[in-house]
Every structure is written in structure tokens, then in C-alpha cells.
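Chemist: Sharing a structure here in C-alpha cells format.
The values are calculated or read from the model by the stated rules, or taken from the named source; none is laboratory data. Predicted model, so just to flag it, every value in this text is computed and none were measured. Using ideal geometry, Cβ is built from the backbone for each residue, glycine included, and neighbour counts are taken over all protein chains shown.
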Amino acid sequence: MKVLGIESSCDETGVAVYDTHIGGAAGLRAHAVYSQIALHAEYGGVVPELASRDHVRKLLPLIRQTLAEAGLGMGDIDGVAYTAGPGLVGALLVGAGVARSLAWALDVPAIGVHHMEGHLLAPLIEDDAPQPPFVALLVSGGHTQLVAVDAIGQYRLLGETLDDAAGEAFDKTAKMMGLPYPGGPQLAKLAESGTPGVFKFSRPMTDRPGLDFSFSGLKTQVLLAWKGSDQSAQTRADIARGFEDAVVDTLAIKCARALDAAGCGTLIVAGGVGANKRLRAKLTEMCERRGGRACFPRPALCTDNGAMIAYAGALRLVAGQHEDATIRAVPRWDMAELPLV
Ligand code: ATP
Ligand code: MG
Ligand code: FE
């Protein structure tokens, strides 16, 4: 089954084709992402109305481009998957409207995908993918969650952030130190030239049992350190390194605990912060030390993309799940409500 996937929940337009007959990483016939970063940069954050309008502009050309790259015509598509939520309602409606109309015109089934299930399943697109049970760490711009995955579609929340998401903490911290929007990846880049241990920040909530996170206090610690420093280029890099190490250590400590709690050896990691090199190295080492393994998508499939939506939708469509002609946009949606695949 060749499934067209459409992602438009926030500020990235993503389109992909996943072919379940081929399967594995080769099943991803083509994927393309158009990022609206430049559009929102001058506002320092995503402007919802501008985001919706830009999805309108970019979606159809991106679908044509992706199909051409896959060497397919519109008539070759057997199903359409789109992000139904959670996300910005206007942005979601653009993807849902186009996807649903296309499915109707082609007379193929359509399915609305949960954006976080898309992220969660992205590591499984790669070759040599693990099978459940495993623990998933979802670390993105809006979420930081530990999820026990007993089966595809059966998600048990083990812990989550009580305030900022890890990606949000990266972005806000970067902004405080004068890095341009969106600062997360730039802060990580800067940290590479920083010296570890010069600035030592706390590992929030690791001194007590539990699997929840809190990252908003770290911001304040960084702000105080930055304000009281000489604000030189090297100091900025040293602070960036101290911040990154604090986030990475905290995530690793809680992931190890979650694996213990779930009685499980395999960790899968997804979401934008999953592209962070130091996090990947640390979690890989932690899991190997325990005799298990950590699995990640390639960095381009960590941040928002159409491939994860095509893949997650394809699993459900192949299982016979699909929807009526409703154009579905669900801004808030609990992943625990999803049906089993
Ligand atoms: P959600 O999926 O929760 O709705 P989102 O879709 O905005 O949120 P993603 O696209 O998955 O989030 O990820 C974007 C986030 O990942 C941003 O906060 C960004 O700063 C962060 N990020 C991306 N690359 C890196 C990196 N190398 N190191 C740290 N953070 C990163
Ligand atoms: Mg984004
Ligand atoms: Fe996302």
C-alpha cells in the first residue's frame, strides 16, 4: 500500500510517500519538508494565522514535488494520512482539508494521525527496528514524555514535564543568551565549543523518585549565570554546554528509571531534541551499559516531517482502520485514547 502522508500541525509543511510493500527504510519512497522558520523569525515565535496561510501556499506544490521524487503519479496513491492533532487548529485544518479532499477524489481511504504517535513511531521507519514492548522518550518543542509502549497503539504515560518541554527549554534559554529564533539547534551547536563543568546547573527532580520532569527552573539558573558573567563568546559556549549537559543527564537518568519501571531493555527516542548529538550518545551508552539498546530516527525524522505521518497512518490503514468523509482537526488529543493497531 502506498500512503501519502501530510503534516501541517505547526510551522513545518511535510509530505511523504511510504510504501508498505517495500517496508523498512526503503519503504520511504520520498519525503520533503518546507520549514516556515524564516516567516516567523521576526516575531520570535510561531504566528498561527501566518502558519495556516503558508501551509495553503506550500502544501500542493510539495505534494507534487514529493510524488515526482518518488516517481509516482497521483493515481498510484492507495491511501492518505494526515495529522489530525494535536496542534494549531488553523494549520491542522489546511492539511486535513487537502488530505481528505484528495482521498475523496482518488476514492481511497484516509486516516487522521496523532502527531505524537507519528513522532513515536518514526524510529521504526529505520532498518532493524525494534518491536514492542519498549519505552519511548518523546522530546519535542511541546512535549517531554516517557511512554510505555506495550503494543503499537497502546500507550501508557509513565511521566511528563510539569512545565516547559525540553525543546522549549532549549529555545527559551537560547533566546535569553541572544541567539536567533529558533535557538535550540544553535544552542546545541554552540555547546560543542563549550568546556564541560565550567558552569554546573542542577539536574531537576532527579533527587527524588518519579518519572516527571521540570525544565523551567533551569532557565532561571542560566539567566542568573549569564547576567553575572563577562558575556564573552567563550562564556556563552561554556554556559550552553553546562545547560545541554544538565538536560541530557536529566533525560538519561529518567530514561534509565523508566526502563526499570517498565522492566524493559529497549528505548526509542523521538521528537526534535532527539536530533541532539550529545543526547543520542548518552542514551546509546546508557542503554548499552544495561545490555539493551537505544533507537533513534535519522535527525531529519526527529523534527516535524511527513514521513512519520505517512508511516503511522500506513500501519493503521493496512490494519483496515480509516475514517468517514469528516475533515478532522483535534487541537488537544490524549494519545492514551488511541485504538490498538
Ligand atoms: P510537538 O511535536 O511537541 O508538537 P514541535 O513539533 O514543535 O512540538 P519538533 O519539531 O519535534 O517539535 O521539535 C522542535 C524542537 O526540537 C525545538 O524546540 C528545537 O529547539 C528542538 N531541537 C531541534 N534540534 C535540536 C538539537 N540538535 N538539540 C536540541 N534541541 C533541538
Ligand atoms: Mg517546528
Ligand atoms: Fe512535532
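Chemist: Residues 92, 67, 59: which one is of a type in the set (A, V, I, L, M, F, W, C), within 19 Å of residue 311 (Cα to Cα), part of a helix (DSSP H, G or I) and within 16 Å of ligand 3 (Cβ to nearest atom)?
Modeler: The conditions single out 92.
Chemist: Give the residue that is nearest to residue 8 (Cα to Cα), with candidates limited to residues of region 290-333 that are modelled with pLDDT under 95 and among the acidic types (Asp, Glu).
Modeler: For region 290-333, the residue satisfying everything is 323.
Chemist: Looking only at region 153-179, count every residue that is outside any strand (DSSP E or B) and in contact with a Lys or Arg (Cβ under 9 Å, 6 or more places away or on another chain) and tell me the total.
Modeler: 9
Chemist: Residues to consider are 118, 112; find the one that is touching a residue at least 40 places away in the same chain (Cβ under 8 Å), surrounded by 21 or more Cβ atoms within 10 Å (Cβ to Cβ), within 16 Å of ligand 2 (Cβ to nearest atom) and within 13 Å of residue 8 (Cα to Cα).
Modeler: Only one candidate qualifies: 118.
Residue by residue, here is whether (1) over 20 Å from the mean Cα position of the chain (by Cα); (2) of a type in the set (Asp, Glu); (3) within 17 Å of residue 99 (Cβ to Cβ) holds:
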position	(1), (2), (3)
11	no, yes, no
19	yes, yes, no
39	yes, no, no
47	no, no, no
52	no, no, yes
72	yes, no, yes
75	yes, no, yes
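Chemist: Let me ask you something else. Go through (1) more than 16 Å from ligand 1 (Cβ to nearest atom); (2) farther than 19 Å from residue 116 by Cα for residue 34 and report which single condition fails.
Modeler: (1)
Chemist: From the list 304, 324, exactly one residue is without any contact (Cβ under 8 Å) to a residue 12 or more places away in the chain, closer than 28 Å to residue 63 by Cβ and either within 16 Å of ligand 2 (Cβ to nearest atom) or part of a loop (DSSP other than H, G, I, E, B) (or both). Which is it?
Modeler: Residue meeting the stated conditions: 324.
Chemist: Turning to a different aspect of this structure: Please state which one of 66, 83 is polar (S, T, N, Q), under 23 Å from residue 272 (Cβ atoms), touching a residue at least 40 places away in the same chain (Cβ under 8 Å) and in contact with a helix residue (DSSP H, G or I) (Cβ under 7 Å, 6 or more places away or on another chain).
Modeler: Within the list 66, 83, the selection yields 83.
Chemist: Let me ask something additional. Which of the residues belonging to region 1-28 are assigned to a strand (DSSP E or B) and either within 14 Å of ligand 1 (Cβ to nearest atom) or farther than 22 Å from residue 112 by Cβ (or both)?
Modeler: Correct list: 7, 12, 13, 14.
Chemist: Could you list all residues from region 38-56 that are assigned to a helix (DSSP H, G or I), out of contact with any strand residue (DSSP E or B) (no Cβ under 6 Å at 6 or more places or on another chain) and of a type outside the set (Val, Ile, Thr)?
Modeler: 38, 39, 40, 41, 48, 49, 50, 51, 52, 53, 54
Chemist: Also, quick follow-up: Just one of (1) away from ligand 2 (no atom under 12 Å from the Cβ); (2) surrounded by fewer than 24 Cβ atoms within 10 Å (Cβ to Cβ); (3) among the hydroxyl-bearing types (Ser, Thr, Tyr) trips up residue 34, so point out which.
Modeler: Unmet for residue 34, out of (1) away from ligand 2 (no atom under 12 Å from the Cβ); (2) surrounded by fewer than 24 Cβ atoms within 10 Å (Cβ to Cβ); (3) among the hydroxyl-bearing types (Ser, Thr, Tyr): (1).
Let's see how each residue does on (1) within 14 Å of ligand 1 (Cβ to nearest atom); (2) touching a residue at least 60 places away in the same chain (Cβ under 8 Å); (3) more than 15 Å from residue 176 (Cβ to Cβ); (4) in a helix (DSSP H, G or I):
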position	(1), (2), (3), (4)
219	yes, no, no, yes
223	no, no, no, yes
231	no, no, no, no
245	yes, no, yes, yes
251	yes, yes, yes, yes
254	no, yes, yes, yes
257	no, no, yes, yes
267	no, yes, yes, no
278	yes, yes, yes, yes
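Chemist: From the list 204, 182, 209, 123, pick out the single residue that is under 27 Å from residue 28 (Cβ atoms), in a loop (DSSP other than H, G, I, E, B) and either of a type outside the set (A, V, I, L, M, F, W, C) or modelled with pLDDT of 95 or more (or both).
Modeler: 182
Chemist: Could you please let me know if residue 84 is farther than 25 Å from residue 183 by Cα, outside any loop (DSSP other than H, G, I, E, B) and within 15 Å of ligand 1 (Cβ to nearest atom)?
Modeler: yes
Chemist: Right, here's the next one. What residue, among those in region 280-295 that are without any contact (Cβ under 8 Å) to a residue 60 or more places away in the chain and of a type in the set (A, V, I, L, M, F, W, C), is nearest to ligand 3 (Cβ to nearest atom)?
Modeler: Step by step, filter region 280-295, then rank; the result is 294.
Chemist: For residues in region 135-152 being in contact with a Pro (Cβ under 9 Å, 6 or more places away or on another chain) and in a strand (DSSP E or B), which is farthest from residue 20 (Cα to Cα)?
Modeler: 148
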